[in-house]
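In what follows, a structure is listed as structure tokens, so that the remarks can point back to it.
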Amino acid sequence: TITRREDYAPPAWRIPDISLAFDLDAERTRVRAVLEVECAGEGPLVLDGDELDLKSVAVNGQVLGEDGYTLADGKLVIPLSGDAARVETIVEIAPAANTKLMGLYASGGNLCTQCEAEGFRRITFFPDRPDVLSRYSVELRADKVRYPVLLSNGNPVAAGDLPDGRHFARWDDPFPKPCYLFAVVAGDLRALEDSFETMSGRHVKLGIWVRAADVEKCRHAMQALKDSMRWDEVHYGREYDLDVFNIVAVDDFNFGAMENKGLNVFNSKYILADAETATDADFDAVAAVVAHEYFHNWTGNRITCRDWFQLSLKEGLTVFRDQSFSADMGSPAVKRIEDVRALRAAQFQEDAGPLAHPVRPESYIEISNFYTATVYNKGAEVIRMAATLLGPENYRKGTDLYFQRHDGEAATVEDWVKALEDGGATDFGQFRLWYSQAGTPTVTADLAYDAAKKAATLTLVQAVPDTPGQSNKAAMHIPLRIALFGRESGSLLGPEQLFQLRSASATMTFENVAEPPVLSINRGFSAPVTVETKRSAADFAFLSAHDDDPFARYEAMQQLMMDRLVDAVKNDGTDAAPLVEAVSRTLKNQALDHAFIGESILLPTETMVAERLGANVDPDAVHIAREGLRRALLEGVGRETWTALHASLSDGGPYELTPDAKGRRRLKNVALGYLFADADDAAVAVAEAQYHAATNMTDRIAALGLLVDTDAPARERVLQDFYDRFKNDALVLDKWFTAQAMATGEDALEKAVALAAHPDFTIRNPNRFRALVGALAMNQFVFHRKDGAGYRFVADKLLEVDAINPQTAARFIAPFGRWRRMEDARAAMMRAELERIVGAPGVSRDTFEMASKSLV
Ligand code: ARG
Ligand code: ZN
């Protein structure tokens, strides 16, 4: 069945209060729920339930017979008379048998919950929709030895012993919340503890709960939490509101983390970090996800969503907030580059394929499928554009007004836009199209120069592509940061301008342009669009050397690379000279920091090149072209230069996590990567030495990843060493699987297939599944192997996991959805796999929706 945005109707019954009592046990948990219901409309009380074993239903203390209610198709329907009632249900559930990891489940001997979007119905009967807000009071009872720690949302109010070696804990959450924010954790956990004093002087007790052996690995997450709490006070005026804030890390989790009120539950990948086991990127991801979930306390929890079509109201906004936080805590330039790279890799592809949908979708079969790059990352870009248009002061006025107006409510995207409009005194009429029109707009920019008049004219034309179910779209409101540089002087010709492109085409004129200008456009990536220009390789080389906007400078180098790659694929070769020169110049530029240099000289991925080619893609040709350019850069810049750069950055000093030290590691490992464009004995020796000498995971895994992609004898040596060192650390072992799944040798697929039979591989743990199968599906060269064996392997594994965990399975459909861009033979094989998946007996609703839509 399809759920549509236009069909929204408010709930017929409100539930201001709920009390829950759990008798926790992995095999069989008993849940008693008492709902205080109040009439708000017409009709009976309808409660959702999924895989619940119903024991009894009572209304106002009277147990109902089977004729007092109906239970069918996941709905418990109870006719009620009067304006209010107390409804009590008792159910039993089986956490240990819950492989979907939605609802209450077991992970590593502990019990935990995941309710967003529709998991609460797997715990008890309830109207499982975000616009029913209740105050929760929860009692947990469990065996004291197996489950010494009992946590839920809100503040702890009581705890004590019970007979038979059991104990209890009671939690009250004073803030009304939707049921998707409910959480319970029970287990043998230890906390890293700390405290935070809020801006009004309240003291909050902080705890990050993990296995006893992992407590020390929580320090980075704890610092990020405290930084986030302060940042939200300073930048949005938002203060934390409970006496405690707890985070629990679990090993089995379908996504990154969950913002349950006062009790965040995390995939352990985004909490545990130390130098030996986590890369610099892992450390950054931990801080970003901790911040993200914390920021949800205001954008998501205090103000939640009226229905799931409004998901970007909380997710787009919270991603924008976590991106801003990370930028403030580290290098804004590098953070912006990383965010745009992620947007292009995931969201631009989504927007260009069969699963394209607007930031605020119109319909869904399974809501879990809409936790997408479009809702999250494009949603964040839309808010970034609004903030750019408003300026910092008016943006703050708008967000203040949003919190003032809607605190305690289940709000809509429209409420948010209206608050920005009213608070910032602006008109976002046309801007709203960003929420309703799918597809990445293209802006074509043409700059003409009249030397006699000393004037330049920029002509801009926008086009919004057709996407499934949407055609003939209206022009969007696109903020473009634009500047001109003098080709001779190399300097800025007048200040940067913010041009608001609102019509299908527009022109912009520049006076007093004394020398031929070079165009710098969409600086800072001010709008999530694709820019097409007639700029030459020389122009891009010029900008990569002179642009003062770091993103634009990075972008110029990327364009230079992309154009060479496309040229190499289409014409079997390209002139790499201008690129070699630009890279050499960038490497020598003392004014640039290491991290920035490392980012900007990275070649676009094979997937990005395929996306750019657009049609009739032959992944083998893309691979050959990219490897060719990599070798041209190795030789053009000079093997000695790369070797010397690598050596100069391998100082062997103490390990530090400062931006400078991270930047040095980044550039060092990019240099090592170029040396491996032709992995001669010297390069292999350097990498093997780095692998062994490494004081941290960043250097160790970089060396391992490169060695794995060779057939040097060192390959097996380091793989074995890595396995022996880290076999008991699940998160690090994931890296071992991923490194091998990313390799590109002739027999890379056979090796991955063999790894699926390794005793440490399991489809039950989503991280491990993604580490092998997910990485392989992202490995364009191997996934698209000419004989179709890559497609078959991924589809087989996907169907295997679909039978136990549909949410994890459905994520792997997207790579098959790119069939339209591939050459005919591969496109046919990809379609055949999608058809096999759609027709598979017992295929889940999640996977069915994704696969059937991908065929269109
Ligand atoms: N709200 C969580 C977060 O962004 C993610 C929940 C994902 N749920 C899902 N059904 N995919 O922070
Ligand atoms: Zn979120």
Helices (runs of 4 or more DSSP H) (entirely within the stretch 503-609) containing at least 1 residues that are over 15 Å from LEU458 (Cβ atoms) and over 32 Å from the mean Cα position of the chain (by Cα): 537-546, 550-571, 577-588
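When you check VAL319 against the structure, is it within 14 Å of ligand 2 (Cβ to nearest atom), closer than 30 Å to GLU414 by Cβ, free of Cβ contacts under 8 Å to residues at least 40 places away in the same chain and not charged (D, E, K, R), yes or no?
So VAL319 does not fit the description; no.
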Write out, first by first residue and then by second, each pair whose Cβ atoms fall under 7 Å of each other, whose residues are 6+ apart or on separate chains, and whose first residue, in the stretch 109-123, is more than 13 Å from ligand 1 (Cβ to nearest atom) while the second is of a type in the set (Phe, Trp, Tyr) and not in a loop (DSSP other than H, G, I, E, B). CYS112/TYR105
Which of (1) among the charged types (D, E, K, R); (2) farther than 23 Å from TRP231 by Cα; (3) touching a helix residue (DSSP H, G or I) at 6+ places or on another chain (Cβ under 6 Å) is the odd one out, the single condition GLU414 does not satisfy? (3)
Filter result for ALA275 (more than 12 Å from ligand 2 (Cβ to nearest atom), part of a loop (DSSP other than H, G, I, E, B), among the hydrophobic types (A, V, I, L, M, F, W, C) and surrounded by fewer than 22 Cβ atoms within 10 Å (Cβ to Cβ)): yes
Scan of the stretch 284-316 for residues that are of a type in the set (Lys, Arg) and either more than 20 Å from GLU233 (Cα to Cα) or within 12 Å of ligand 2 (Cβ to nearest atom) (or both), ordered by number: ARG306, LYS314
Can you say whether SER544 is hydroxyl-bearing (Ser, Thr, Tyr) and out of contact with any strand residue (DSSP E or B) (no Cβ under 8 Å at 6 or more places or on another chain), as far as the supplied structure shows? yes
Number of the exception - ILE367 against (1) over 23 Å from GLU414 (Cα atoms); (2) surrounded by fewer than 20 Cβ atoms within 10 Å (Cβ to Cβ); (3) within 16 Å of ligand 1 (Cβ to nearest atom); (4) over 12 Å from the mean Cα position of the chain (by Cα): (1)
Restricting attention to the stretch 298-325, which residues are within 15 Å of ligand 1 (Cβ to nearest atom), part of a helix (DSSP H, G or I) and hydroxyl-bearing (Ser, Thr, Tyr)? SER312, THR318
Starting from residues that are outside any strand (DSSP E or B) and small (Gly, Ala, Ser), keep the ones in the stretch 20-43 and report whichever is farthest from the chain's Cα centre (by Cα). GLY43
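Looking only at the stretch 325-335, filter to residues that are over 15 Å from the mean Cα position of the chain (by Cα) and more than 14 Å from ligand 2 (Cβ to nearest atom); which one of those is surrounded by the fewest Cβ atoms within 10 Å (Cβ to Cβ)?
Here the residue is ASP328.
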Just to be sure I understand the filter: pairs with C-beta atoms under 6 Å, separated by 6 or more residues or on different chains, first member in the stretch 778-791 and assigned to a loop (DSSP other than H, G, I, E, B), second member not aromatic (Phe, Trp, Tyr). Which pairs pass? ASN779/MET742; HIS784/PRO619; HIS784/ARG826; ARG785/LEU749; GLY788/MET829
Kindly list the number of the only condition in (1) within 16 Å of ligand 1 (Cβ to nearest atom); (2) more than 21 Å from the chain's Cα centre (by Cα); (3) part of a loop (DSSP other than H, G, I, E, B) that fails for PHE255. (2)
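Given the options MET258, MET229, name the one that is touching a residue at least 40 places away in the same chain (Cβ under 8 Å) and more than 16 Å from ligand 2 (Cβ to nearest atom).
MET229
Every number here is computed from the coordinates shown, using simple stated rules; none is lab data. All figures in this text were calculated on a predicted structure; none of them were measured in a lab. Glycine also receives a Cβ, built like all others from the backbone with ideal geometry; neighbour counts cover every protein chain displayed.
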